[in-house]
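Undergrad: Please see the structure below; I have some questions.
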Amino acid sequence: MKIALVGTGKTGQSINRLAQEGGHDVIARFSSSTPLLEAKKEDLVSADVLIDFTSPQLALPHIEQYCKWGIPAVIGTTGWYDSLTAVETWVQEYRASLLYAPNFSIGVAVTSKIVELAATIMNRLPAYDGYVHEYHHRMKVDSPSGTAIHLANKILEGLDRKQHLATETQHQAIDTNALHVSSTRTGHLFGQHTVGFDSPYDHLSITHESKTRDSFAFGALRAAEWLIGRQGLFTLDDLLEDWL
């Protein structure tokens, strides 16, 4: 693949290194000093795909530009999902190719599938109560993480007795219709997410732990390979469904 890399932070650096180790070419790099929005389509004429890990305030302008250019794009930037309807419109209007995810770890995507199945089964077992807990490093700016919210929403979709998320510390008995999503910020953890189901009889937990930032870079590259030649708006779930 010939890749245009948008964002040269820690994840972008990992993507750059793994791409070259995998025999791919990074033909362009964009950052705050070389903004993507100042580029022209002809600057990217040889790119097979763009991979974007930048900041939330740039996400929508970047996505609109990718759609207009007609270059497949993998979006690791979050913070824009409230505008998903607008993005769907752009993808349809320009027949664009876009794949996004709150977390590009392939292991997280597989965990999401497992949680989806588990929630469907637990829906028939009212003795089990669900929850989500996540750990991240002290410098992480959001809490709960986007991945924790994603996993929690998978439970809400499958578990009729849970109607909404409770993402703050509970200072009294929690609403029985609420799914508790809690967080710990400490040390240097890249990310650990646990989904649990507890009953008076036993406890089931499903845990994913990222070892290094390379897990996100690896997933973004696999997503880019899959996206080329496809048209539409996709997530990692679509990639997994195709593999299955």
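Undergrad: Would you call Y94 in contact with a Cys (Cβ under 8 Å, 6 or more places away or on another chain), at negative phi and surrounded by fewer than 18 Cβ atoms within 10 Å (Cβ to Cβ)? Can you show your working first?
TA: Values: in contact with a Cys (Cβ under 8 Å, 6 or more places away or on another chain): yes; at negative phi: yes; surrounded by fewer than 18 Cβ atoms within 10 Å (Cβ to Cβ): yes.
Yes.
Undergrad: Go through the residues of segment 137-159 one by one and say whether even a single one is surrounded by fewer than 13 Cβ atoms within 10 Å (Cβ to Cβ), outside the structural domain of G79 (by TED's automatic domain parsing), over 19 Å from A119 (Cα atoms) and in contact (Cβ under 8 Å) with a residue 24 or more places away in the chain.
TA: The answer is yes, given that some residue of segment 137-159 is surrounded by fewer than 13 Cβ atoms within 10 Å (Cβ to Cβ), outside the structural domain of G79 (by TED's automatic domain parsing), over 19 Å from A119 (Cα atoms) and in contact (Cβ under 8 Å) with a residue 24 or more places away in the chain.
Undergrad: Out of everything in segment 25-45 that is of a type in the set (A, V, I, L, M, F, W, C) and part of a strand (DSSP E or B), what residue ends up being surrounded by the most Cβ atoms within 10 Å (Cβ to Cβ)? Write out each step before concluding.
TA: Going through segment 25-45, the residues of a type in the set (A, V, I, L, M, F, W, C) turn out to be 26-28, 30, 36-37, 39, 44-45.
Narrowing the set further to residues that are part of a strand (DSSP E or B) leaves 26-28, 30.
Working: V26: 18, I27: 16, A28: 18, F30: 24.
Once the filter is applied, the top-ranked residue is F30.
Undergrad: Output the number of residues of segment 10-19 satisfying the condition of being exposed (fewer than 14 other Cβ atoms within 10 Å of the Cβ) and modelled with pLDDT under 95. Spell out the reasoning first.
TA: So in segment 10-19, the residues exposed (fewer than 14 other Cβ atoms within 10 Å of the Cβ) come out as 10, 17.
Retained after the next criterion (residues that are modelled with pLDDT under 95): 10.
Result for segment 10-19: 1.
Undergrad: Can you tell me how many residues in segment 46-64 are surrounded by 19 or more Cβ atoms within 10 Å (Cβ to Cβ) and in a helix (DSSP H, G or I)?
TA: 4
Undergrad: Scanning segment 199-240 for residues that are more than 16 Å from the chain's Cα centre (by Cα) and charged (D, E, K, R), which turns out nearest to M122 (Cα to Cα)?
TA: By that ranking, first place goes to D202.
Undergrad: Do we find that L189 is without any contact (Cβ under 8 Å) to a residue 60 or more places away in the chain and loosely packed, with under 14 Cβ neighbours inside 10 Å in this structure? I'd like the intermediate steps shown before the answer.
TA: Details: without any contact (Cβ under 8 Å) to a residue 60 or more places away in the chain: yes; loosely packed, with under 14 Cβ neighbours inside 10 Å: no.
Taking the combined requirement at face value, the residue does not satisfy it.
Undergrad: Follow-up question, since we're still on this one. Pick out the one residue from G22, G7 that is surrounded by fewer than 18 Cβ atoms within 10 Å (Cβ to Cβ) and touching a helix residue (DSSP H, G or I) at 6+ places or on another chain (Cβ under 9 Å). Please lay out each step first, then the result.
TA: Values: G7 fails: surrounded by fewer than 18 Cβ atoms within 10 Å (Cβ to Cβ).
So the residue among G22, G7 that is surrounded by fewer than 18 Cβ atoms within 10 Å (Cβ to Cβ) and touching a helix residue (DSSP H, G or I) at 6+ places or on another chain (Cβ under 9 Å) is G22.
Undergrad: Follow-up. Can you tell which of G158, G130, G196, G191 is under 17 Å from the mean Cα position of the chain (by Cα), under 30 Å from L244 (Cβ atoms) and small (G, A, S)? Explain how you work it out, then say what you get.
TA: Numbers: G158 fails: under 17 Å from the mean Cα position of the chain (by Cα); G130 fails: under 17 Å from the mean Cα position of the chain (by Cα); G196 fails: under 17 Å from the mean Cα position of the chain (by Cα).
Every option except G191 fails the conditions.
The values are calculated or read from the model by the stated rules, or taken from the named source; none is laboratory data. Note that the coordinates shown come from a computational prediction; the quantities given were computed from them, not determined experimentally. Here the Cβ is made from the backbone with ideal geometry for all residues, glycine too, and neighbour counts use every protein chain on show.
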